[in-house]
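Undergrad: Let me give you the structure first, and then I'll get to my questions.
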Amino acid sequence: MKEKITALKAAFPHTIPVLTGFIFLGTAYGILMSSKGYGVGWTVLFSLIVFAGSAQYLAITFLTSVFNPLYALLMTLIINARHIFYGISLLDKYKDTGRLKPYLIFGLCDETFSIVCSTNPPEGVNRNWFYFFITLLDHSYWVLGSVLGGILGSIVSFNTKGLDFVLTALFTVIFIGQWKTRKDHKPAIIGVLCSVICLVIFGQSNFIIPSMIAILAALTIFRKAEKEEIKPCDEKESVQ
Amino acid sequence: MTLTPVQTLIIIFMVSIGTMITRFLPFLVFKGTRSNNSYIGYLSRVLPYSAIGLLVVFCLKDISFKSPVYGLPEIISICCIIALHYWKENTLLSIGAGTVIYMVLVQFIFT
């Protein structure tokens, strides 16, 4: 028990940016859902079992158009395909996580990934519980935000236009943080450049899969060009 | 609600399944091969950086540079975030201020 509390205490500070971000985003999501006629119960159910911000936002469009489950599945696969990258990145870190592993993988959203990837537990803190609590806290914030939004949306109405920019801001800040702490900027530049090129070529609804292929290809080519210089991602880099 | 409750449940189930496939797939595919595969090891070190780059572009995908407002709210807000983050290096401040600036821009200035 003491081990778990230590891990929780160590994990919490790392999740504070996500707390704010998810309260914002979750609330915005809850308000949006309630504006489409979905009460707080539906919103919470979504946030509990899906726990994927962009997919849930996108899913609002599935709920407000003609019923098409297959389309919903395919669009979700495409929009969340980037999670495959996260999984590959964390194969090593999550290797020996035992019975916590299914939940750790289940809760691997963008923000949890960015923390887990850039953070190591302090000395004396159990690694597995540390990652577990980061995941659990993030999950709770998301559900909490959704509840707040669902309730708020049913009693007041205000102009939330532009609120979803919080997601962009969050990723931009993570990007800057990574940029500052790493000398080799090639992977970051490859990520942006390949995505922009594919966006221009394939358009906004089809560019994610081509981008991922292009990124993999570019990274593979650069690996052959210079094998030794790249450092692991889990040195001292924090989201903050 | 446009859909019936049962249809809504099916959509939730589909979105959940789709998400879980993308999260569990790498762990199922590369089970056990990780330790002796240096290529996968290399990818797991560099991909996070590329993935965040992809995410930033993904968030900005709907900007149109051809029609008004030419992506100006996004460009201005992101420049503010970059400046603020280099100056103060405070994640919460950068995210919060960036979002507020953007909301003000799209609600009052570039309407």
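Undergrad: Do the conditions hold for A:Leu136, that is, is it closer than 25 Å to B:Val104 by Cα, of a type outside the set (Asp, Glu) and part of a helix (DSSP H, G or I)?
TA: no
Undergrad: Can you name every residue in the range B:79-94 that is of a type in the set (S, T, N, Q) and either in contact with a Cys (Cβ under 6 Å, 6 or more places away or on another chain) or in a helix (DSSP H, G or I) (or both)?
TA: Residues satisfying the conditions are B:Thr91, B:Ser94.
Undergrad: Here's something else I'd like to know. Would you confirm whether or not the range B:69-78 contains a residue that is under 30 Å from A:Lys101 (Cα atoms), part of a helix (DSSP H, G or I) and not hydroxyl-bearing (Ser, Thr, Tyr)?
TA: no
Yes/no per residue for (1) part of a loop (DSSP other than H, G, I, E, B); (2) within 25 Å of B:Phe13 (Cβ to Cβ); (3) more than 19 Å from the chain's Cα centre (by Cα):
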site: A:Phe67; (1), (2), (3): yes, yes, yes
site: A:Leu73; (1), (2), (3): no, yes, no
site: A:Ile78; (1), (2), (3): no, yes, no
site: A:Ile84; (1), (2), (3): no, yes, no
site: A:Lys93; (1), (2), (3): yes, no, no
site: A:Ile115; (1), (2), (3): no, no, no
site: A:Pro121; (1), (2), (3): yes, no, yes
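Undergrad: In addition: Residue check: is B:Met20 of a type in the set (A, V, I, L, M) and surrounded by fewer than 16 Cβ atoms within 10 Å (Cβ to Cβ)?
TA: no
Undergrad: Filter the range B:6-41 down to the residues that are more than 23 Å from the chain's Cα centre (by Cα), at pLDDT 80 or above and over 20 Å from A:Tyr38 (Cβ atoms) and list them by number.
TA: B:Leu28, B:Val29, B:Phe30, B:Tyr39
To keep it simple, each residue is scored yes or no on (1) more than 7 Å from chain A (Cβ to nearest Cβ); (2) surrounded by 14 or more Cβ atoms within 10 Å (Cβ to Cβ); (3) without any contact (Cβ under 8 Å) to a residue 12 or more places away in the chain.
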{"residue": "B:Phe65", "(1), (2), (3)": "yes, no, yes"}
{"residue": "B:Glu74", "(1), (2), (3)": "yes, yes, no"}
{"residue": "B:Leu84", "(1), (2), (3)": "yes, yes, no"}
{"residue": "B:Glu89", "(1), (2), (3)": "yes, yes, yes"}
{"residue": "B:Leu92", "(1), (2), (3)": "no, yes, yes"}
{"residue": "B:Ile95", "(1), (2), (3)": "no, yes, no"}
{"residue": "B:Ile101", "(1), (2), (3)": "yes, yes, no"}
{"residue": "B:Phe108", "(1), (2), (3)": "yes, no, yes"}
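Undergrad: Also, quick follow-up: Regarding A:Thr61, is this residue β-branched (Val, Ile, Thr), more than 28 Å from B:Asn90 (Cβ to Cβ) and free of Cβ contacts under 8 Å to residues at least 40 places away in the same chain?
TA: Criteria met by A:Thr61.
Undergrad: If you don't mind, there's one more thing I want to ask. Quick one: which of A:Trp142, A:Trp129 is surrounded by 22 or more Cβ atoms within 10 Å (Cβ to Cβ) and either over 28 Å from B:Met103 (Cα atoms) or in the same structural domain as A:Ala11 (by TED's automatic domain parsing) (or both)?
TA: Criteria check complete, one pass: A:Trp142.
Undergrad: Let me ask something additional. Counting only residues that are over 15 Å from the mean Cα position of the chain (by Cα), in contact (Cβ under 8 Å) with a residue 60 or more places away in the chain and surrounded by fewer than 23 Cβ atoms within 10 Å (Cβ to Cβ), how many does the range A:8-26 have?
TA: 3
Undergrad: Within the range A:147-187, take every residue that is in a loop (DSSP other than H, G, I, E, B) and of a type in the set (A, V, I, L, M) and give me the one that is surrounded by the most Cβ atoms within 10 Å (Cβ to Cβ).
TA: Among those that are in a loop (DSSP other than H, G, I, E, B) and of a type in the set (A, V, I, L, M), it is A:Leu163.
The values are calculated or read from the model by the stated rules, or taken from the named source; none is laboratory data. In this text, all values refer to a predicted model and were calculated from it rather than measured experimentally. In this analysis, Cβ positions are derived from the backbone assuming ideal geometry, glycine residues included, and neighbour counts consider all displayed protein chains.
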